[in-house]
Each structure stands twice: as C-alpha cells, then as structure tokens.
Amino acid sequence: MPTLTIDNRPVTVPDGTKVITAAEQLGIMIPRFCYHPALGSVGACRVCAVGFKEGPIKGVEMSCMVDAQEGMVVATDDPDAVDLRKHVIELLMLHHPHDCPVCDEGGHCLLQDMTISGGHGRRRYAGAKRTHLDQDLGPLVQHEMNRCIQCYRCSRFYQQFCGYRDLGVTGIGTRVYFGRSEPGTLESPFSGNLTDICPTGVYTDKPSRFYGRRWDYERAPSVCIHCSLGCSLTVSARYRKAVRHEARFNAQVNGHFICDRGRYAYAYASQPERPRDALIAGRPATLAQAATQMSERLAAIEKGTGPDGIALMGSARSSLETQALLARLHSEKGWRTPCFSADDAATRVVSSALNTLNATNTIALTEIEGADTVLLVGADPIGEAPMLALALRQAQRDGSRIITVDPRPVTLPCAHDHIAVSGDDLATAVAHLIIGALEPSREIALDADQQDRFKTLKQETRDIPAAAELRAIGHALTTAWRPAFVCGTTVPDPDVPPLMGLLQALVQTSCMWSGLFFPLPGANTFGAHCLGGSDALFEPLLAAVEAGQVKALVVVENDLFSEYPDQQRLAAALESLELLVVMDCVPSAITARADIFLPTQTIYEAGGHYLNNEGRLQVATPVIAGGLSIMDTGGGNHPPREFREDIPGGTPRPAWQYVAGLATGETDPPDVKPLLDEALTAGVADGERVSLPSASREWPSIERIGAGPEGDAGGLTLIESAATFGSEPLAAFSTVLAELTPLFGVTVHSETAQRLGWRAGDRIVIPDSAPALEVVVTLDDRAAPGVLLVPRRIGIDRTALRRYMAHLLAE
Amino acid sequence: MTQDPSQLKGKSLPPPRETSGAEALKALVTGFATTLKHLGRRPITEQYPEEKRELPARSRARIILTRDPDGAERCVACYLCSAVCPVSCISMQSIEGQGGRRMAAWFRINFGRCIYCGLCEEACPTSAIQLTPDYEHCQRAILKSVYEKEDLLVDHCGKDPDYNFYRHAGVATEGLDKGRHEKEAPPVNVRSNMP
Amino acid sequence: MTVYSLLFYLLSLLTLAATAMAVTRRHMVHAVLYLVLSFFGTALLFYLLGAPLLAALEVIIYAGAIMVLFLFIIMMIRVEKEDDRFFPFLQWWPALLISGGFLAGLLALSREDLVRQPGMTVAQALPQVFGIHLFRDHWLAIEIASLLLLIALVGVLHLSRRRRADAIEEAP
Amino acid sequence: MVLDWLLGMIVLLVKLGLILGALLFGAAYLVWAERKFLARLQIRLGPNRAGKFGLLQPIADAMKMLTKEDLVPDGADTFVFKLAPVVVAVTAMLMFAVVPVAPDLVLFGRSIPMVIADLNVGLLFIFALSSLGVYGVALGGWASNSKFALLGGIRGAAQMISYELALGLSLVPVVMLAGSMSLTEIVAAQERVPFIILQPISFAIFVISAMAESKRIPFDLPEAENELGAGFHTEYSGMRFGLFFIGEYVHIQVLGALTAVFFLGGWRGPLLPPVIWLVLKIIFVALIMIWIRGTLPRLRYDQLMALGWKVLIPAALVNIVLTGVLILLV
C-alpha cells in the first residue's frame, strides 16, 4: 500500500495501482485518451504526462504507465508536462477534421474537452489533412475515420476485451486505420460499446444519429430490463422520447459495458404503434371510463362466481411495484394467486434454481471474471444474457477454463470446451460431474447418510456418451481454486439446478471461493419468485378458464401468446372468458383481444425496482414524463402550435397504479415503499442483494436422476431457446435490432439432418402455419444429436411448428 | 446645521469653497440663461413611427438564417445556438438531410423571448444564424413572434458572403467526397504497403 | 329669529359638538382634527359677530399654526394604540369641577341679561380700527407681551445653541 | 328686497361658476403648458400625441384618472385619507375668492364687483386658507400608512409653516403702502406705480416663499421622487391623486394672481381688457415658475430651512422697518 503525494495531497493506494488511477481517487482528472480502466494502459496517446518531482522516478512520465510507489511526489501541473500535453494534443489534432458541428460526439467528446483544457485552441498547421474513407459497419455504429486520434481503444476493446476479430487496425504512421477488412455489419453483440469507448467521434451511435446533444438530453440512471442480469444504464431522452442507452459503471453487475440488445432496445417505448389510449371492446375510451368499467365488471363477476372467478396474470418484465401490488390484490380481494409466466416448464426450473441459491453460494456477474474455471450447464450466454459471455471472456483472458455442457452448440467469444449433451440428459450429465468430483477420496468426508445417498446416485446414474469426459471434468473441478457454476433456467429440467448446487457445495470444501450463477428468463423473474409466483402455474389456470371456473382474467404487461406454446388453445380459452382486462405498454396478440385495455407506462416514464438474477435490488429512475414525442406530434416538422393542459399521448399510467386502484378502490397511487419492503421481507437498499436463506447442510432431493430421457432415446427433441436478437419481447420492437436478427432457422447436427433428409440451407415450409412460416436449416456438429434447435421468436406460429416437429417424430 | 461630512468620518477633505454672492448670482444667471437658450433649440426627439433611423449594419435585431454561396441552407442544426441562448428562445431538431448533410428538420426562434444578445451569432460555427438591423417586428398576437425556419431563412449569405462550412468540414457529402475538401489530401490507401 | 341668529346657534352647536368630540377622542390625530373644526367654528362665530380680523387670526394662528405643530408632533412620535376606553372618573372630576365652576360664574354674570335682548350690537371691527385701538390704547400690554416673546426667543436660541463648534450634530 | 337678494345670488353663482371653470380649465392646461414648456427647455418635444400639439392631453389625463382604480392602502385611516386631497384642492380654489379680476362692472345701472368676496381682511383670508392647506399635505401623508408618505407629509408641514412666516412678513410692507388688507384696495393703491418697483425686496421674498408654499421645484421636498417615491401622495391613485394635482396647479394660478395683485398692479394694463391682463400676468408668473423648475436643482433640507429662517425672515423684518421709516419720512 504505497503512499504518494499528488498535487500536494497524499493518497494511499493498493499495490500495482497506476498513478492516473491514484489521481482519480483524489478527484484529479489527468487527461487521457488511450487509458481506460477496463482496457488498461498502453501508453499510446501521450497526453497523461505528469511531472514526477521526488521519489524513485523523476521527470516527465506517462501517469498511466507508472505504478504508484512509496514516496512519489507528482505534479499534474508541472510546466514541462503541461507543455508536453499541449504539444501532443496539437499533434493529435493535426489531421482532425473541422466537423464538430455535424459530429454526434460533440458535447460529450473527450477530445473536445482535452483539447480545450490542454490549451490548444487554434490550429497552426497549414498543410493538407490526411483523410480516410469510411466503412459501413452495420445499423448500430457509424464510422468516421477522419476523426481518429490513434488511441487504439477500439481495437483493444473489440479484439482483446470482447474476443471478436472482425474489427482491427491496419497501416502505419499517419495512415493507421481502424476498421474491418471489408465493410460490413460488426459481428460482435457488444459493438455498441465502441461508441462509448471512442474518445472522439470515429464511432458514433447510429440509431440516435443527429438527434440531439448531450446537454439537451434528459438523463437518468436506469436498469436494463432486456435480460435478467440487470445491467446499469444511463438513459438519454429528449422531446419525450428515449433515444439512447449508455452503459453506467456498476462494479458488481456489468462493469463498464453493456450488450447491443440492451443498448438498442429502447425503440418499443416510442414506436408509432404503441397503444396510448384506453380501449373498451376495442373502441377508444377515457382512462376513467375504462377503469370504472373494469372495477364494476370485476365486482359483478366477483359477486356472481366468488373471488375464485377472477385470475391475475403478471409478468417477469414488470417492475417489483407492479408485481407486489398484484400479490397485494390477491391477498386483499382473495382473487386467484397471480401467475407471472405462462411458461410452466421454465417456472419450475426457476423455482428449483432460486431455491438452491443461498446467502453464501450466490455470486455477482463481475465475480465470474475472477473465476479460474467456469462450468456452464444448459446456458447459452450470448443468447440468454450476453454480458455473461463478456464476463466469461475476461475470465478466459486471465487463464480460466470454460466448459459448456449443453444440447445447443454454444458459441462464446473465447476458447471453451463444449460437451454436447441431449436436453434430457443434462441432469445425468451433472450427476456424472458430481461422481467425478467425488470419486477419488472425498467420500470419506461424507457422513453415513450422505454416503448412502451418493451410492444411490452412483448406481442410478445412467451412462451417457460423454460420461467419461464429464467425470474427468468433475475431477478437475476439485483442483480449481475459484470455480464458478452457471446453470441456465430455460433448457434444463428442474433437477439440474439442485444438482449444480450439490456440485458447488462439494467443490466448495476444497477451493478458495466458488459460487452459483443462474441466468433467468425475465428481467424480474427473481421478483416474481419472491412474491410466490413460482408456486402458481399457468396450466391449471388455463384449465380453470376452459372449465368456466375463471370468468375474468387480468393480464398485466404480459403477452401470453409469446410464452405459451399452444396458441390455438390459448386463443380459444381467452375467447371463453367473460372479461379479459389487459394492461400493457406495447401492442401484442393479447391486447387486440382485450375487452378492456389500459395503456401502461414504460420504465422510462414510470421507473421502478427490479431484482436481477442474483437478487440484487436495482432502481430505475423515470427519465421522461410520458406522452407522444414532439417529433411525432409535429409530424417531423416544427411542433404544433396548439396549447393544452395535458400532454398528447400522455394517458398511460404506471401499471401498478391501475392495480392499486383495483386493490384499494382509489386511483391515487398509494405509497408502494412499505409494500416493497413487505415483498422483500426487509428494507434492501438500491444495489444490494435481497436476503437469501442461509446455506443448508442437507443433501438435495435427487429422485429423478435415474429416470432417463422421456420417450425414445433415438427420437427428436425441439428446443426453443433465447437468441441475442429477436427473442426478448420488448427489444424485438426495435427496428435496428430486427435488421441484425438472422433468418428464422433450425439448427441440427449433421447426423440428424441426414436422418431427416435435410441439407444445409434447405428451406422448409411449415404447413398450416399462420402467418406462413419458412425455416432455414443450419448444420452444426457441436449440437447434440437429435436436437432441433430454433430461436424463440415472437410472432411465429409455434403451434404449427410443434405440430410439424411431432409429425417428423412420428415418421 | 451644515456639517462637513469629513468630520463625521475622521477623514480630512478639502474644506468646502466659500462662494461669494457675486459668484452665486453669476451661477444662477448662467443656469437660467442656459435653459433659456435651449428653449430656442430644435428638439432632439426622434418621433419613432414617423421618423425611422437607419441602424448600422452590425446592429443586433431580428435574426435570420442565411444560405451558403451555393444556395443551400447553412444551418447544420448543431444546437450550439440553442445551448448558448441565455433565454432559451431557440429550439430545433436536426435530421440527416440530402447527401449525408446534417440539417434542421425544424428551427424555431421565439422572438417574444429573444433579447438580441447576439450570442447565437457568435456561437454559430457555420455563419448561418445572423442578426440584422431590422428591429420592427412587434406583434399584437404573441404567437406571431414565434418564427419558424421558413420565416427565418433568407436567400443570401448575410455578412459572410464566402464561407461554406461543407467545403472545410471534411465529412463526405453528396458531390464532395472525402479528400476533396479544402486543404485535404486524397484518402489514404489502407491496403498499400508503401512506407 | 333672523338668519344671523340661526347661523349663530348652528355654529355654536357645531363648535360645542366638535369640542366634545375633540375631548373624548382617544385617537390623537382625530382629536386634533376635531379641535381644528372647533376653532373653525369659533372663527366663523367671530366673523358673524363682526370681527373678521379676529376670525382670520383665529384660523391662521390656532387652526393653521398651533394645531399643525400638534399634528406634527403626533406624527413624529410613535403613539401606541390604546383600546377605546373612556377616561376614568379620577380624571373626570377635576374637569367637571372646573367646568361647573366656570358655568356657575357665567350664569351669575349674565343673570340679569338672560331675558333681555343681547346687549351687543352688531358692529364691524375693521382691521384698521382694531389696530389703532390695540396699539394706541393698549400699547403697554403689547410691549410687555412682545418683550416676553423676545425673552423667550433669546432663551430658545440660547438653549438650542451648539455647545461646541465641532460637536457632531445629526442632520434632520 | 327679495329680488335684490335673488339677483345678488344669481350674480354670485355666475361669478363662482366662471371663476371655478376658468381655474379648473387653467389647471388642466397649465399641466399641458408645463410639460410642453419644460420639454422645450430640455430640448424635447413634450406631449404631442393626443390632438394637435398634444392639446387634448389634459382631457386624456383626466379620463385616465377618472377611470383608474381608487385604492385605499391597507391600514390607512380611511376617513382622513379621503379627506386630505379634498382639503388641498378646496383651500387652493377658495383662495381665489378674494382676488379681484377686473374693476367693477356696471351692468343695467348696477355695479357688480368683479370679485367673489371683497373681504376687508382678504389678505389674512388667504393666509388662513394657505395655513389650512397644510393639513391636506400632512394628513394625506400620515393617513397613507406608508413611511414615504409620512416623511413627505412631515416635510411638507415643516416647510409650509416655516415659509408662511416669510410670506406673511413680505406682504406687510404692501399692506403698509396700500393701507388696507383688502385685495381690491391693494390693486387700487397701485394705480400709478406697481408695488414691484416700490418693494423689490418684498417681491423677491414673496415669490420665493410662495414657491416654497406651493411645494414646487426647487422646494419640492415633500414629494422628492428620488427619495420618497412621490412623497405625501405616494399611495394615492385615480381621482384622489387628481385632486392633489388640481390643488397644486390651482395653487400656481392663485400664486400668479396674488403676485399680480400685490406687485404687478393686478388687472391694470394698457389697451387690453383688464381680465386679459390678469390672465397674462398669471401666465407670465407661471411660466417663470416653470423656467425655474427647469433650471434649478432641489434644495437640501437644511438649505431649505436655512434659507427660510436665516435669510428670508430677517430680510423681511428689515424690509418692514425700512418701509416704516420711509413712510414716516415721505
């Protein structure tokens, strides 16, 4: 812990801290271009020069390259250093174009700030400027190479940090060029971070291009709700329209970056089709009329059939406020327990996964970066939770071993061992890992009862093709110092998470640190689980609707059709309802069927609390008040000159306000803070984890290990899993992301393809599908044989797809 | 009654000069003579609606949006004028116009608020926004003071007849590719291996 | 009853009423105003009785100068607002006693003339006549009065004289 | 007898109406004249929008004042507040009652005096009214419940008391020369020589004191606008303010008339009818006062008091003694 003096102020920093970081701790911002805390130092730009006055080093040195040492005396305003900085900036600015007014970086440009603060105000260079041709880098990033100052941040981020190779550097001297070898869409799903990381305007945000300046934006801290990780965001909005997400540093969750899905998903909030008026039987009505009619008709139904006749349907993307008020509505009125997902299979896995988590085995996303072995079972990070892949990349850069056990051909931006295991065999695979971990000598550590159970496990576990490999890995895990265990919650069956918990508990005894990490299906699935949502399944509810026991259904921010597989059955059941109330902020298949529709606010307008996949409570602050953007009310021309008291299109209210109205009969929003505390059992501060149960010493129940795969071992299984773009219901509304979404296709092992008579690139037309569905065949030998893999996508006829798959199976 | 204020403060000021009667009389007469002389002078009042003074070319009044020498709109909607405006009377929206040019979708100045400080003109990097000596634009209806882009645009270059931002900017626009702006070298061939 | 006697009684009533109001007002400015009204009535009575000079002097000196001074002082000092309470009897009885005595004396003096016509004839006291009367017949009294006033003036000048030449004096 | 009385009454009413009308009309156009004349002294144009040369300006002003809201400040003494402007206006107008505007008019064999009331104590009557006029200022200032108005009122009272003495003393020689206090007599006494020639010192003292009495620049301390807002009438609005205004400008005319009567030979003058001569003299005096207003700065309070007590009163006393001696000798 060296102590050094910077600008006459002493500071003590950990060993290995660079001087530039030490100065930051004192609040002194030393100019920098190439240095970035996430990327480290390269000493390329030469603007962080400071004067070293006393101590081991003397003279002008780059503060990003020098480790802080005991007794150093640093002057950031040393005349020599200031002079050097001034001249370096002048050199960097030699070829910089004269285009700040039309550059989107203007207003939050590091180069602008540093140029002015560095004292370089007037160009002396009179010669011709070097120019570069730009490339089309796809719909997300705008390229303007003339502005480059050769700091190498982009190529370091793209290649070293993210592990993608298609953007890099060529040339020497002033001809250094950053780009792709051929123009084309960037492959990385983290490419949007280039716009954040570039200190000048070489890479700028394309969707928000020319929209506004940073100083005009209304900005607020928010949370990403497009996967369960809950990355921290800063939302920028202007003229009542959210136009930009930027990564907000969060040491526990996402670090400095976010993925492109989270960055470009905001379009749903300002899409022209967004429902902004209340509807009664499809006809526009005022909010008051709709709310009154809703409560009157619900009261009538309650009178007729009792409180059991009304069912509540919540959502995993709703804020904790909405979810907690739904739970309150149930407890106050005695209506049916709210159900938060129509995907019962996933709900069961989530339930068993979250019951496995406890106070000691839960780890945060950034902790994975420090793991030396990461085991992923049934998890596809790039598709389900992209930032997890970036964390794995960081772990792998530090020498970590990454192992994926999955029926899908999991791709990661880093080297990893992939073991293809059929979907039904995942539990068995984990059992083999446990056996491998315990095989040599650890049995002795178990008590008699546990030894018995272990024997049963050993006897009952079926043999699978990869068994030997898995046991070897299991054994290797016992030698790891910091193993992390990641388990998906959509593909595996409910037995897998407890087994992973068991594996972690076993390994825990021999390592420094280990933990479990479960990516969940929805942004607030953890919240739904806390509120008892895992106990209420959708299937019985649907059966009750079909049986006529449930007369009214209140659906809050959930498109059941995107979650429930059998579209026709669901449609028929909804048709039989006496009253279908839908509250949502986006148009969907179910909003069109609603008897009463109430428009809700998005996270940008309402804000809210969210629990991420590890149970961390995070707050999203409202950014805008709501209403149609001036861009829309003006039709692209100047804003209309009509003056009114309300905001056009400003009808929507937060969903929890409607629910509170149903619960209390008042339309004024009640104070939801006590409710939240009640829901979380204790007051949890923003950014803290909710209290999880303490670790249990019990051996988990593993009865179903030996059951083996259901049905024929040689049969086909259809796996519908999340893809990076196109699967998340809100992000799917973004048109720029739609451009990046690949054609809808099925991925199979070549063996399976041969059996079915398919070749790569075949187009299969699914019969009787509405809208007509065409599937492209892709072959991938890293997939498990017998698995038909399709991305989860909204708006496709899944019933027809399943029917066709069943038909294939029958043949 | 009269007390020298210097004594109150403890500072010594020069004592007030004694005025003799003759001097006082002379002062009085001079005063009355002066006012009487003024009686015969032509009043200097300018009767505004009837008499209008020609203002100097650089005086600051109504704002215009000028065009560049090629006749295209100069404004690139960079938001600098709206940022610098101390009364926030300028609002605009930028869009991508023809050939990759950045331009204003709409541009509005509320002259009901404008204080004619000229900071917008000073901030404008493209010489688009300029103040003119035309000061007569009072309106009875307040909304008539709100000028849109169509009202602000003029068909000349204003005080800066030669400047064309896009000839210097270095961004590729329709008809003016990279390397063809003033003081620019042709684009680098990145595939060349020559040192 | 002639117009003049009618005016006389009306003015007398007005004067008496104004005086009574002046005596009983708790608000000092209002009291002063009623007193001014009373002086005004008195002046008119003088005029009615043929003494225009006296009438003018009454208004100039009493109503115009003395009462303005009163008002001046009332305005300068901060008068605390008192509740509208009548004088206590303790303050009343000496006044009653004196006015009773005064009334008795007046009655005694005019006892015989009560029923007869008033002895005063309507005469005009012209300023010139009045001046000649005053300065010819009563010159001694005038001189004594003026001497007294001169002494008072000198006394005031002496008292308000600045003690030291360099004394700091607050400007008004 | 009754007919006589009735005729006298009618003549009196006609005279009253004429004089009042002339006074009010004069006040209105004196405002216009002052603004116009002052503007020219300051190389400006003055009012020129309402009518030709702004001649309709007084009408516009009157209409404005009549239609303005009549405000009574919170905490003001309502009765006194409403009384004060009346006192100022009425005393100013009453003063004109003793001013002879022309020699007696012989109509149908009857001699009609061209004065409303020829009092033998006319001069004292003027002093009496002038001293009552102080009440308007002092009470208006006091009743407004405002510190600026109160200060203005106090200043006004002090100033008027101080200068009334000088005013009175300056006229003693005039009375001595005329041998009467009736204004008609005084005019009659100037048949040959106007008193301005015989009594220049008296004239100077009278004019200075009269200007102080009427609170005009350079003696406008009661309404010194850069210190006290508008002084004693700060809180007045609408027609109550208008009454103060009328009072001030009637006062100026009265002072003009008195100057004419006491020193300039009243209605006397060659060729033109006597009334015209009086009006001309009044206008002349008013213009001189405006000229002074346009030239001199406001006195300081101590200068005001010093001028009154230390210069004017002693000078007036000396003048009286000198006049007495001269009368005895001649």
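Structure above, values below:
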quantity: Peptide D:41-47, shielding by other chains (average Cβ, 10 Å cutoff); calculated: 5
quantity: Folded to 0 to 90 degrees: helix B:21-39 orientation relative to chain B principal axis, Cα; calculated: 50 degrees
quantity: The stretch D:143-196-the stretch C:19-49 distance, computed between alpha-carbon centres (Å); calculated: 24 Å
quantity: Translational D in µm²/s for the protein assembly as shown (Stokes-Einstein at 4 °C, 1.567 mPa s, Kirkwood Rh from C-alpha pairs); calculated: 30 µm²/s
quantity: Lys, Arg +1 and Asp, Glu -1 on Cβ, resulting dipole of the stretch D:68-329 about Cα centre, debye, nearest 20; calculated: 460 debye
quantity: Compactness relative to 2.2 N^0.38 Å, alpha carbon Rg of the stretch A:434-521; calculated: 1.10
quantity: Loop trypsin sites (Lys or Arg not before Pro), the stretch A:65-122, which have at most 10 other Cβ atoms in a 10 Å radius of their Cβ (DSSP); calculated: A:Arg122
quantity: Chain A: antiparallel DSSP beta bridges as a percent of all, rounded to 5; calculated: 50 percent
quantity: Residue-averaged beta-carbon neighbours from other chains (10 angstrom radius) around D:133-144; calculated: 3
quantity: Cβ-placed point charges (K, R +1; D, E -1), dipole of the protein assembly as shown about Cα centre in debye, nearest 20; calculated: 6900 debye
quantity: Where GluC sites (Glu not before Pro) fall in DSSP loop in the stretch B:44-89, at most 14 other Cβ within 10 Å; calculated: B:Glu46, B:Glu50, B:Glu51, B:Glu54
quantity: Residue (of C:Leu57, A:Pro521, D:Leu183) at the positive-pole extreme of the protein assembly as shown, dipole from beta-carbon charges; calculated: D:Leu183
quantity: Of A:Lys58/A:Lys86; A:Lys333/A:Lys551; B:Lys52/B:Lys159, those spanning more than 18 Å from alpha-carbon to alpha-carbon; calculated: A:Lys58/A:Lys86; B:Lys52/B:Lys159
quantity: Amide H partners (placed H, <5 Å) of A:Thr362, local residues excluded; calculated: A:Leu516
quantity: Top positive-direction residue, dipole computed over the protein assembly as shown with Cβ charges, set A:Ile419, B:Ala169, A:Gly634; calculated: B:Ala169
quantity: Computed helical MRE - 222 nm, chain B, DSSP H runs ≥ 4 contributing -39500 (n - 2.57), nearest 500; calculated: -5500 deg cm²/dmol
quantity: Inverse of mean 1/r across different Cα pairs in the stretch D:68-329, Kirkwood, Å; calculated: 19.1 Å
quantity: Rounded to 5, percent antiparallel among DSSP beta bridges of the protein assembly as shown; calculated: 60 percent
quantity: Nearest-0.05 FRET efficiency for D:Val275 and D:Val318, computed from C-beta distance (R0 22 Å); calculated: 0.05
quantity: Candidates B:Arg53, B:Arg113, B:Arg101: whichever shows maximal mean-square fluctuation once chain B is modelled as a Gaussian network with Cα springs under 10 Å; calculated: B:Arg53
quantity: Restricting the stretch A:232-293 to chymotrypsin sites (Phe, Trp or Tyr not before Pro) in coil, as DSSP defines it, with at most 12 other Cβ within 10 Å; calculated: none
quantity: Once exposed loop GluC sites (Glu not before Pro) are cut out (DSSP; at most 10 other Cβ, 10 Å), longest piece of chain D; calculated: D:192-330
quantity: Cα centroid separation - the stretch B:145-195 against the stretch D:10-67, whole Å; calculated: 68 Å
quantity: Separation of alpha-carbon centers, the stretch A:313-391 and the stretch A:608-671, rounded to whole Å; calculated: 25 Å
quantity: Dipole magnitude of chain A about its Cα centre (Cβ charges: Lys, Arg +1; Asp, Glu -1), debye to nearest 20; calculated: 2260 debye
quantity: Chain B: most fluctuating residue of B:Cys75, B:Cys138, B:Cys85 per GNM, C-alpha cutoff 10 Å; calculated: B:Cys138
quantity: Packing rank of D:120-129, A:448-457, where each peptide gets the mean count of other beta carbons within 10 Å, highest leading; calculated: D:120-129, A:448-457
quantity: Longest segment of chain D lacking trypsin sites (Lys or Arg not before Pro) that sit in a DSSP loop with at most 11 other Cβ atoms within 10 Å; calculated: D:50-191
quantity: Kyte-Doolittle at least -0.5, axis length at least 18 Å by Cα - qualifying DSSP helices, chain D; calculated: D:2-41, D:78-95, D:122-143, D:147-178, D:200-213, D:238-263, D:274-295, D:313-329
quantity: Chain A, helix-only ellipticity at 222 nm - DSSP H runs n ≥ 4, -39,500 (n - 2.57), divided by all residues, nearest 500; calculated: -8000 deg cm²/dmol
quantity: For B:106-115, mean number of other protein chain Cβ atoms within 10 Å; calculated: 1
quantity: Sites C:Leu150 and D:Val330, calculated FRET efficiency, Cβ-Cβ separation with R0 22 Å, nearest 0.05; calculated: 0.15
quantity: Mean projected area in nm² (Cα convex hull; one quarter of hull surface) for the stretch A:3-93; calculated: 5.3 nm²
quantity: Label-point separation in nm, D:Lys82 to A:Thr174, each point 7 Å along Cα→Cβ; calculated: 9.1 nm
quantity: Pair D:Lys52, A:Asp686: separation of 7 Å Cα→Cβ label points (nm); calculated: 7.7 nm
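All of the numbers you see were taken from the coordinates with simple rules; none came from a lab. These numbers come from a predicted model, not from an experiment. Quick reminder, even Gly has a Cβ in these numbers, built from the backbone with ideal geometry, and neighbours come from all protein chains shown.
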